[in-house]
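*Asks:* Pasting a structure below so you can have a look.
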Amino acid sequence: MKKRLLALVLLLSMVAFMFAAPAGAEAKPIVLRFGYLSPQNPEDPYHEFASKYKAAIEEKTNGRFQIDLYGAGILGKDREMAEMLQFGALDLAIITTSPMGNFVPAFQVLDLPFIFDGWDHVFRFVDSPVYQDFLQESNKINIKTLAVIARGARSVTNSGTPIQTVEDLKGMKLRVIESKVFVDTFEALGAAPQAMSWGEVFTALQQGTIDGHENSIATILNERVYEVQKNVTLTQHIFAFCSAHASTKFWNSLSEEDKVLFDDLATEIAREVSEGQQKLEADYIELLKGHGISFYDIDRAPMKEMTAPVIEAFEKANPALVKYVEGIEGVR
């Protein structure tokens, strides 16, 4: 009996040895899903951030984390991805800040008309203490905001008679983002804003059901708007941003050391991508000119004056967010 028991123990030991992981073998990586809207264009800020963040995290953690990228809206549009983050069904995402404002009201501050004077003003805001407070706002809805990425000022496109004065906007049917601030801004300028999702815009421009639209220079180029529009007026009325996020469920699973790493890398890469977009903007304008687009300047002073009531109404309706408006204006 003892001999048989000893033989069984030896046999089990041999089996365990045969199937044991080799000494020094690495554990399987923690796989994270990262969603965003844009295609895999290396100069696109969404994809550029995602790909650089993936590479940095995987390198700095020696492969403990593996980030799988899902671009081109494969996992859904901005709203769907924000909801997935809330419920922990998605680990990481880049979301356009305007739709994010439907979940986190503080993000609507970034859309206020003429609140930013330009790139330098944006970077001063990002370097300010109020920006750090701003990043905490999404914690209330189970989403961790890692960083905000600047994409450039938005301008107006149209075909036919170019827009050269604010009076030229009167009655013009312009597509805007589905945001009250955007609608209010263009109503204040005398236009007839048409709020619609991005997927409908190209066809609407092509068929002439709208006269024009507004967007960043990079988007006008990358989305081939030049095929259906011929003029860009540099209104620079609202600055365009996107933001990088993590689900609270995933974030809370990290060690404190990993949280610092994920946070610091997001800040570093967001700044790098933003500065890259600033440098590329002039190149994009030249490329658009090559595609037949004509550019026009406009006096922005009367536009800023006409839209001031939009900011006043926003502050009155959102007193808790006035600190962010004042914080941005304070670093002007």
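*Asks:* Which FRET efficiency, nearest 0.05, do residue 165 and residue 89 yield, Cβ-Cβ r, R0 41 Å?
*Replies:* The pair residue 165/residue 89 has a calculated efficiency of 0.25.
*Asks:* If you rank 253, 179, 38 by fewest surrounding Cβ atoms within 10 Å, what's the result?
*Replies:* Ascending number of Cβ neighbours within 10 Å: 253, 179, 38.
*Asks:* Take the Cβ-Cβ distance between residue 260 and residue 223 as r, set R0 to 35 Å, and report the resulting FRET efficiency rounded to the nearest 0.05.
*Replies:* That gives a FRET efficiency of 0.45.
*Asks:* Among 142, 155, 172, which residue has its Cα furthest toward the positive end of the charge dipole of the stretch 128-172, with +1 on Lys/Arg Cβ and -1 on Asp/Glu Cβ?
*Replies:* 142
*Asks:* Determine, from the Cβ-Cβ distance of residue 329 and residue 267 and an R0 of 22 Å, the FRET efficiency 1/(1 + (r/R0)^6), rounded to the nearest 0.05.
*Replies:* Given R0 = 22 Å and the Cβ-Cβ separation, E is 0.45.
*Asks:* Can you give the Kirkwood hydrodynamic radius of the chain from its Cα pairs, in Å with one decimal?
*Replies:* 21.7 Å
*Asks:* Next question. Using Cβ counts within 10 Å as a stand-in for footprinting exposure, how do 121, 291, 213, 47 rank, fewest first?
*Replies:* Ranking 121, 291, 213, 47 by Cβ neighbours within 10 Å, fewest first, gives 291, 121, 47, 213.
*Asks:* List, in the order given, every pair from 77/304; 60/279; 144/259; 144/323 whose Cα-Cα distance in the structure shown is over 22 Å.
*Replies:* The answer is 77/304; 60/279.
*Asks:* Right, next: Need the list of lysines near residue 140 for cross-linking: C-alpha distance under 16 angstrom, and skip anything on the same chain fewer than eight residues off.
*Replies:* Within the straight-line cut-off, residue 140 pairs with 249.
*Asks:* Using the 10 angstrom Cβ neighbour count as an exposure proxy, how do 311, 30 rank, fewest first?
*Replies:* Going from sparsest to densest Cβ surroundings: 30, 311.
*Asks:* Here's a follow-up. How long is the gain from residue 120 to residue 304 if the chain were fully straight, where each residue apart is worth 0.36 nm and the alpha carbon distance is subtracted?
*Replies:* 64.4 nm is the gain from fully extending residue 120 to residue 304.
*Asks:* Could you calculate the contour length gain from residue 230 to residue 61, that is, 0.36 nm times the residue separation minus the distance between their Cα atoms, to one decimal place in nm?
*Replies:* 56.0 nm is the gain from fully extending residue 230 to residue 61.
*Asks:* What's the magnitude of the charge dipole for the chain around its Cα centre, counting Lys and Arg as +1 and Asp and Glu as -1 at the beta-carbon? Answer in Debye, nearest 20.
*Replies:* Charge dipole, the chain, about its Cα centre: 1580 debye, nearest 20.
*Asks:* I would also like to ask the following. Students often forget the sequence filter, so: which aspartates and glutamates lie under 19 Å Cα-Cα from residue 170 once same-chain residues fewer than 8 apart are removed?
*Replies:* 184, 187, 211, 214, 297, 299, 305
*Asks:* Need the C-alpha centroid separation for the stretch 30-101 versus the stretch 211-268, integer Å.
*Replies:* Here the answer is 11 Å between Cα centres.
*Asks:* Excluding residues fewer than 8 places away in the same chain, name every one of the lysines whose C-alpha is closer than 18 Å to that of residue 230.
*Replies:* Within the straight-line limit of under 18 Å, residue 230 reaches these lysines: 173, 289.
*Asks:* Tell me, what is the percent relative contact order of the stretch 26-330, built from C-alpha pairs under 8 Å that lie six or more residues apart?
*Replies:* 25 percent
*Asks:* Describe numerically, in nm with one decimal, the distance between label points set 7 Å from Cα along Cα→Cβ at residue 291 and at residue 128.
*Replies:* 3.4 nm
*Asks:* Given the options 160, 276, 212, which has the most mean-square fluctuation in a GNM of the chain, springs set between C-alpha atoms less than 10 angstrom apart?
*Replies:* 160
*Asks:* With viscosity set to 1.567 mPa s at 4 °C, what whole-number translational diffusion coefficient in µm²/s follows for the stretch 200-332 from Stokes-Einstein and a Kirkwood radius over Cα pairs?
*Replies:* This corresponds to a translational diffusion coefficient of 70 µm²/s.
*Asks:* Measure off 7 Å from each Cα along the Cα-to-Cβ vector at residue 202 and residue 40, then give the distance between these two points in nanometres to one decimal.
*Replies:* Placing both labels 7 Å along Cα→Cβ, they lie 1.9 nm apart.
*Asks:* Let me ask something additional. So what is the relative contact order of the stretch 206-331, in percent, for Cα pairs below 8 Å that sit 6 or more residues apart?
*Replies:* 41 percent
We did not get these values from a lab; they are worked out from the coordinates using the rules stated. None of the values given here were measured: they were computed from a predicted structure. For neighbour counting, all protein chains shown are included, and Cβ atoms are generated from backbone atoms with ideal geometry for every residue, glycine included.
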